[in-house]
1. Roughly speaking, what is the stretch gain from Asp41 to Leu19, that is 0.36 nm per residue apart minus the C-alpha to C-alpha distance, in nm to one decimal?
2. I need the peptides 73-83, 96-106 ranked by packing, meaning the mean over residues of other C-beta atoms within 10 angstrom, with the highest value on top.
3. Rank by packing, highest mean first: peptides 110-116, 19-25, with packing defined as the count of other Cβ atoms within 10 Å averaged across residues.
4. Evaluate the distance, in nm, between pseudo-label points positioned 7 Å from the Cα of Ala62 and of Arg3 along their respective Cα→Cβ axes.
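Since every read-out is calculated from the coordinates, none of them should be taken as a lab result. What you are looking at is a predicted structure, and each value in this text was computed from that prediction instead of being measured. Note: ideal-geometry Cβ built from the backbone for every residue, glycine included; neighbour counts use all protein chains shown.
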Amino acid sequence: MTRREVRDCAFKLIFEQLLRGDDIEELYDIANEVDEITVDDQVRALTDGVLEHSAELDEIIAKYSKSRAVSRISKLNHAILRVALYESIYDDNTPMNAAISEAIKLSQIYTYQEDTSFINGVLGAFSRDFSGAKETEQVSAENDSEQKQEATENA
């Protein structure tokens with residue numbers, strides 16, 4: 001399976017879980033029975049990761065969704081946002097820009113044009129803050145390293 005296919009299958013499972021509230025293992029079984037959604041190790045890893053961090057991801061969505069409360073976001077949009085944020089934060093193999101781009105592609109397939117704009121806005125705002133925070137951490141770490149080196153040299 002391609003990474004895009006894995007993402008698509010995980011998105012569908014997360015959407016179903018949001019919609020139905022079923023146990024994810026039950027959804028895996030149903031998906032295997034109807035043979036419409038492939039559930040392999042990669043799909044399980046992505047789906048389980050998103051669900052494991054869903055509370056944290058929802059807090060991020062709430063922070064960056066200026067126009068809608070999380071409870072008012074469609075389940076499709078919610079699932080797309082969760083997958084993109086999870087990949088941006090926790091998947092070292094997926095650059096943030098790629099995760100956002102893939103989320104936009106999913107939204108173009110499954111949602112309305114206004115929803116695509118909303119998803120892009122939320123993820124864009126998150127990306128700007130996240131990138132800024134990473135740069136601040138990097139500068140801070142470099143300053144700490146320089147200070148330690150100077151202290152060692154002066155000792």
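1. Details: separation 22, 0.36 × 22 = 7.92 nm, distance 2.30 nm.
Contour length minus Cα-Cα distance gives 5.6 nm.
2. Highest to lowest by the protection proxy: 73-83, 96-106.
3. On the way: 110-116: 14.4, 19-25: 11.1.
Most protected by this proxy first, the peptides run 110-116, 19-25.
4. 3.1 nm
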